[in-house]
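Beneath this line is the structure, given in structure tokens, with notes to follow.
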Amino acid sequence: MAEHDCIFCRIAKEEVPADIVHENEQIVAFRDINPQAPVHVVVIPRKHIASLAASSADDVALLGEILKAAKEVAEKLDIQASGYRVVNNCGPDAQQSVQHIHFHVLGGRRLGWPPG
Ligand code: AMP
């Protein structure tokens, strides 16, 4: 998919509105439009990478930045003590629906395990 067609690229460029809770040079984090928990934030790199499977060795530092941002989001939204889950859906069996790598940060309620 071309970047100009990618909804998350468009959010990162502020061409599409989103409730951005955290951002820096490399990362944008915004509230999920269809929240599955009281806190549900999607953390993305500004760089278009289709999925975790499509990432490469060149992206290792960026993947670390995504997890660092997930932690910062949890602190900012005050779920660091109660706990939270960071989820990446990769590919069809995981029902990845947006083909731009993203990590969900979910919290604010007791989460079930295992996931469906
Ligand atoms: P996944 O199913 O793991 O690919 O997650 C994609 C997530 O992006 C879903 O939870 C959607 O609700 C969310 N989403 C899709 N479009 C938007 C949007 N425009 N703004 C915020 N969240 C979105």
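Since every read-out is calculated from the coordinates, none of them should be taken as a lab result. These numbers were taken from a predicted model, which means no experiment stands behind them. All Cβ positions, glycine included, derive from the backbone under ideal geometry; neighbour counts span all protein chains shown.
Considering (1) within 16 Å of the ligand (Cβ to nearest atom); (2) farther than 17 Å from Glu25 by Cα; (3) among the hydrophobic types (A, V, I, L, M, F, W, C); (4) surrounded by 15 or more Cβ atoms within 10 Å (Cβ to Cβ), the lone condition that Ile79 does not fulfil carries the number (1). All conditions in (1) under 21 Å from Glu75 (Cβ atoms); (2) surrounded by fewer than 18 Cβ atoms within 10 Å (Cβ to Cβ) hold for Asp59, with the sole exception of (1). Of the strands (runs of 3 or more DSSP E) lying entirely inside region 1-106, those containing at least 1 residues that are free of Cβ contacts under 8 Å to residues at least 40 places away in the same chain and out of contact with any Gly (no Cβ under 9 Å at 6 or more places or on another chain) span 20-23, 27-31, 84-87.
For the condition farther than 20 Å from Cys6 by Cα and within 11 Å of the ligand (Cβ to nearest atom), Gln36 qualifies.
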